[in-house]
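Take a look at the structure below.
None of the figures in this text is laboratory data; all of them are computed from the coordinates on show. Source: prediction; values computed, not measured. Positions of Cβ are generated from backbone atoms using ideal geometry, with glycine treated the same way; all protein chains shown enter the neighbour counts.
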């Protein structure tokens, strides 16, 4: 696809909801990008109840040729539109490529856009370019310091993108806009947008990973998907999540005529295993058929799982000590 010089090369797609504490830093991280090409910033605010919308308007007034906001008056997610990017940002993207970043994450490297766009311009068969990210914890959780799915710069096959043990940071992803002009049902119906998006891109080519932290992934903000998942009946939510993700992968398998069937089956099995880990179903976690996925867990997670399985009283005491 030849790029129209009268249009931006990259469209930055950002979705926000009650990100008053974070959104200014996020937008500033877009504006600091050093490029020899134009880019646009598409922001969708889903009727935030704090000052997020007001802050976005202030930036849009200051940068009217770069920032294009949609400030909703009624929350769209509550109306059943769960993939906001696909509904409101992708259709208006004018760039050859799209970059993603949610309103509570931010970029840290001013050369991020230039590095990724340069690679994709030189490698038209690449459909997903991404990188590692630092992790910033906002609620005191103990976690890894980085999202680092691989240990070096390298190509990533379609099968690896589909069946991966570690997630890719949403704020690291760049991909050709043409792949999201028409969205399949499995994207629209999925509870989270990054997985079906990655499946779509995997079917079209290969990925390239830069082992370089160029963004920050925030964990623990009160409006994050993972925090809200833990509220209410967590076990029922995990079961529902697995069933929705299973349906997404199975529909993708049909759409691609079974071309990646083995990777799809393994990915479904891993998601089931991880929901059993999250809900502490130890009898299932210990089954031989999940040994591969158990070994993929980091050492800290495996240590605490073993501790809780063997010494539940000690584990409960440690939890109280950490959270008091």
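Helix 234-255 and the longest principal axis of the Cα set of the chain meet at an angle near 60°. Relative to the longest principal axis of the Cα atoms of the chain, the long axis of helix 299-310 lies at roughly 30 degrees.
Mean separation of Cα pairs under 8 Å and 6 or more residues apart, divided by the residue count, gives the range 232-298 a relative contact order of 31 percent. To the nearest 0.05, what FRET efficiency results for residue 294 and residue 77 with a Förster distance of 41 Å applied to their C-beta separation? Result of the calculation: an efficiency of 0.75.
If you rank 297, 9, 310 by fewest surrounding Cβ atoms within 10 Å, what's the result?
Values: 297 17, 9 21, 310 10.
By the 10 Å Cβ count, ascending, the order reads 310, 297, 9.
The angle between the Cα long axis of helix 312-323 and the main principal axis of the chain comes to about 40°, on a 0 to 90 degree scale. Among beta bridges from DSSP that stay inside the range 10-219, the antiparallel ones total about 30%.
Say a paramagnetic label sat at a point 7 Å from the Cα of residue 62, along Cα to Cβ; which residues of the range 10-34 have their backbone N under 17 Å from it? Counting backbone N atoms under 17 Å from the label point, the list is 20-34. The translational diffusion coefficient of the chain, from Stokes-Einstein at 10 °C and 1.306 mPa s with a Kirkwood hydrodynamic radius over alpha carbon pairs, comes to 76 µm²/s.
The packing ranking of peptides 69-76, 29-36, 314-321, highest mean first, is 29-36, 69-76, 314-321, where packing means the average number of other beta carbon atoms within 10 angstrom of each residue.
A protection proxy built from the mean count of other Cβ atoms within 10 Å ranks the segments 279-290, 113-124, 88-99, most packed first, as 88-99, 113-124, 279-290.
For the pair residue 236 and residue 28 in one chain, pulling the backbone fully straight at 0.36 nm per residue adds 71.0 nm over the alpha carbon distance.
Please report the relative contact order for the chain, taking Cα pairs under 8 Å with a sequence separation of at least 6, and give it as a percent rounded to a whole number. 17 percent. Here the simple spin-label model places points 7 Å from the Cα toward Cβ, and for residue 118 and residue 7 these points are separated by 2.5 nm.
Distance between the pseudo-spin-label points of residue 155 and residue 50 (7 Å out from Cα toward the beta carbon): 4.4 nm.
Order by neighbour count: 275, 108, 82, fewest other Cβ atoms within 10 Å first, most last. Don't jump to the answer; show the numbers that get you there.
Details: 275 20, 108 14, 82 17.
Fewest-to-most Cβ neighbours within 10 Å comes out as 108, 82, 275.
Projected label points at residue 302 and residue 259, each 7 Å from Cα along the beta carbon direction, are separated by 3.5 nanometres. According to the Cα-based calculation, Rg over Rh for the range 232-298 is 1.02, with Rh computed by the Kirkwood formula. Taking the range 261-305 and a reference point 7 angstrom along Cα→Cβ of residue 137, the backbone N atoms nearer than 17 Å belong to 298-305.
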